[in-house]
Amino acid sequence: MAPKAKRQVPAKLTREDYRSLVENFPDILDRFDRDYRHLYVNPAGARIHGVSPGQIMGKTIRETGVLEPFSTLWESRIRQVYKTGKPLQVRDTFPGVNGTLYYESQCSPEWAPDGTVRTVLVISRDITSSVRIEESLRENDQLLQKIIELSPMSMAIVGMDGKIEYINRKAIETFGYSPEDIPTMGAWWELAYPDKAYRKKSIARWMGHVQKAMVEQTEITGGEYRVTCKNGDVKTMFIFGVPVASKVFVMFNDVTAYKTLQRELEGVRDGLELTVRDRTTKLQALAEEIIRVEHRERQRIAYILHEDLQQWLVAAKYKVGEICEHSPTTSAQATADRAQQLLDSAIEVARRLTVDLRPPIIHERGLKMALRWLAADMKHKFALSVQVKVTAVAERVSEEMGIFVFEAVRELLLNVIKHAGVRAAVVQIKPEGRDQFNVEVSDKGRGFDPSRVGKRKFGLFSIRERADILNGNMTMISRRRKGTRIELILPLKSKRT
């Protein structure tokens, strides 16, 4: 078993040790006899007079150059200690080069064997720094209190024990409660949150934020609370704060007017949105009605062309034929033949106009087949090769929307023929989300700058405006010598029954 280590006994301080401590002591040490003579002064005390300790010992207070009224004051203090035998603690202020100096002194009696006071030991400490710090803190406290008191925001200081130590003038004006009404947080919760359920919820919420702020040493997370004032008014307050030492500094920002304005603005916004929705619905209905009216007018004109004009032209051709049979001269026969040729051309133009105005396939077989017919027609008339890619979504498009898409695609393909400088294009229809579909017409032609397309490009402008009214939109993507892609995003509507 290992021997126990011997306990270290501290060595006793020797006389020299005590002397070293006194000589290096930062406080002033003075020993006086009954005649107020210095029996001892340490180096710190001598430095105050600007001399060595040997130049002070043996001299009275006055002889060391201490002026009135301090010399008389210190003589009276030493005399009092000799007379009463009781310690005396005093504080003095002295004018200094850099302001007032503060010293705190302890005058203690030192006893002779016969029980009388033999000498008086004075220990003085320069407390200037601490006093100035105290004064600065006091000034800061006063300034802070003034700021809090005159602040336009309601403020309070709450102790950790729940005592409300201070509320400023603004808080009293805002809530109507005096310090006597709400001495503690318990009283505040009871009065400001009369509804028990809301009070319980608010206390849990606030205290949770306070505890988190104390743990993380951050400010208290702010939030909106409905506070009931003394007169019964309920105000919406944004309450936040910061824990400082053993207190909580709480601030209240009244956002009642803001919340009221916000509600009013939301009401106005909702009203505007309702109005816009109503007008948009009416515009959409109007656009669809315009499409139907235009389509009916096209049908009427096509009917006139087919049933009236073409019939009259055919009848005129037969009449010219009858004239030819009875014409006795060669020149009359030539004129009649020329008239028949012109009538044949007029009949063909009327026939094409009839088909262009009312392609029968869009009514009989729907949008998908109508676009394929359009592609074949473009190939036949303009030598434009059109690739059609249509998904099943086309079957869910209403007749009015289908007519608009058909006319828009035809206009865009005519633009390809006029401006793109190519003989091929692609038409694609695909889903776009749940309630929309995408119509795309693209080519690899010479392209253009979309930013320069204005109302002069009436075809594109008209398509865009019509798409907007139908609650859709049109996007033009084009670059010089890189081709063009026109996209229409339109609402998907079920076919009418």
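Going through (1) under 25 Å from the mean Cα position of the chain (by Cα); (2) modelled with pLDDT of 95 or more one by one, residue 193 falls short only on (1).
With respect to the conditions (1) modelled with pLDDT of 90 or more; (2) surrounded by 15 or more Cβ atoms within 10 Å (Cβ to Cβ), residue 211 falls short on a single one, namely (2). If the condition is being assigned to a loop (DSSP other than H, G, I, E, B) and either in contact with a Leu (Cβ under 6 Å, 6 or more places away or on another chain) or closer than 19 Å to residue 110 by Cα (or both), then region 46-60 contributes 57, 58.
Here 230, 200, 259 are screened, and the one residue that is surrounded by 11 or more Cβ atoms within 10 Å (Cβ to Cβ) and touching a Gly at 6+ places or on another chain (Cβ under 6 Å) is 230. Every condition in (1) in contact (Cβ under 8 Å) with a residue 40 or more places away in the chain; (2) crowded, with 16+ Cβ neighbours inside 10 Å; (3) of a type in the set (Val, Ile, Thr) holds for residue 391 except the one numbered (2).
Yes or no, residue by residue, for (1) more than 25 Å from residue 24 (Cα to Cα); (2) part of a strand (DSSP E or B); (3) of a type in the set (A, V, I, L, M):
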position	(1), (2), (3)
44	no, no, yes
76	yes, no, no
94	no, yes, no
113	yes, no, no
137	yes, no, yes
143	yes, no, yes
155	yes, yes, yes
158	yes, yes, yes
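Sub-9 Å Cβ pairs linking a first residue in region 371-388 that is in the same structural domain as residue 423 (by TED's automatic domain parsing) to a second residue that is among the acidic types (Asp, Glu), at least 6 apart or interchain, are 377/356, ordered by first then second residue. The residues of region 439-461 include none that are at pLDDT 90 or above, surrounded by fewer than 18 Cβ atoms within 10 Å (Cβ to Cβ) and under 29 Å from residue 398 (Cβ atoms).
Examine region 94-116 for a residue that is in the same structural domain as residue 49 (by TED's automatic domain parsing), among the acidic types (Asp, Glu), under 60 Å from the mean Cα position of the chain (by Cα) and within 14 Å of residue 74 (Cα to Cα), and state whether such a residue exists. Within region 94-116, one or more residues are in the same structural domain as residue 49 (by TED's automatic domain parsing), among the acidic types (Asp, Glu), under 60 Å from the mean Cα position of the chain (by Cα) and within 14 Å of residue 74 (Cα to Cα). Among the residues in region 160-172, are any within 30 Å of residue 41 (Cα to Cα) and β-branched (Val, Ile, Thr)? The answer is no; no qualifying residue exists.
The values are calculated or read from the model by the stated rules, or taken from the named source; none is laboratory data. Small disclaimer: the values here were computed from a predicted structure and weren't measured. Because the Cβ atoms are built from the backbone with ideal geometry, glycine has one as well, and the counts that use them run over all protein chains shown.
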